[in-house]
1. Figure the gain on full extension for A125 and N55 (residue separation times 0.36 nm, minus the Cα-Cα span) and round it to one decimal in nm.
2. Helix hunt in the chain: which complete DSSP H runs extend at least 15 Å axially by C-alpha with mean Kyte-Doolittle at least -0.5?
3. Below 8 Å, C-alpha to C-alpha, sequence gap of six or more: please give me the relative contact order for the range 111-174 in percent.
4. Within the chain, how many lysine pairs that are 8 or more places apart, or on different chains, have C-alpha atoms less than 16 Å apart?
5. Only helical DSSP H runs with n ≥ 4 go in: add -39500 (n - 2.57) per run for the chain, normalise by residue count and round the 222 nm mean residue ellipticity to 500 deg cm²/dmol.
6. Would you mind calculating the gained length between E87 and R168 on full extension (0.36 nm times residue separation, minus the Cα-Cα distance), in nm to one decimal?
7. Evaluate the charge dipole of the chain about its Cα centre and quote only its size in Debye, nearest 20, assuming +1 on the Cβ of each Lys and Arg and -1 on the Cβ of each Asp and Glu.
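What follows draws every value from the coordinates through simple rules; no lab data is involved. Being a predicted model, the structure only gives us computed values, none of them experimental. For neighbour counting, all protein chains shown are included, and Cβ atoms are generated from backbone atoms with ideal geometry for every residue, glycine included.
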Amino acid sequence: DDINARANEKAAKKKAARDKMLATKTIEKGLLMVHTGTGKGKSTAAFGLALRAWNQGWDVGVFQFVKSATWRIGEQTVLERLGALHEETGEGGPVSWHKMGAGWSWRRKSGDETDHAADAAEGWAEVRRALAEERHDLYVLDEFTYPMEWGWVDVDEVVETLRDRPGRQYVVVT
């Protein structure tokens, strides 16, 4: 009947439009996830992703920007042990942990803000190199929003680098 014919025609037009749009989505790119907000849970969520990635055999790189270089947080201990397990048995994936500076937020370290900003800039340069080399499958940039907020790294450069990263690299920023 006429009502069904019109409904079928409308559905066919919608499907054609959706198929046309999906045809342009041929580039597969890893996700960029950003966890912000007040309170706890942002880093925990990112490390949960790292555990899942390890279990899938992904290469995980953690770049920790603000916590003190002398602190050993629980997530670091667990992920480093899982990385060692991978090296010994082949289970899971490799894990590397990078402390990007001496730690700036909770306990001021020796040096002034210029020194800390230089450490953050060098840490970001290392992340850029790793992304360009497609060194990891998942990058955890822990507490990286602080150096951006404090003006220690160029936000426009960060956006451009993360947007244009090669391959299927996943990045989570806290």
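1. Between A125 and N55, full extension yields 22.4 nm more.
2. Long hydrophobic helices here: 42-55.
3. Once normalised by length, the contact order is 46 percent.
4. So the count works out to 7.
5. -16000 deg cm²/dmol
6. So the extension gain works out to 26.8 nm.
7. Rounded to the nearest 20 debye, it is 800 debye.
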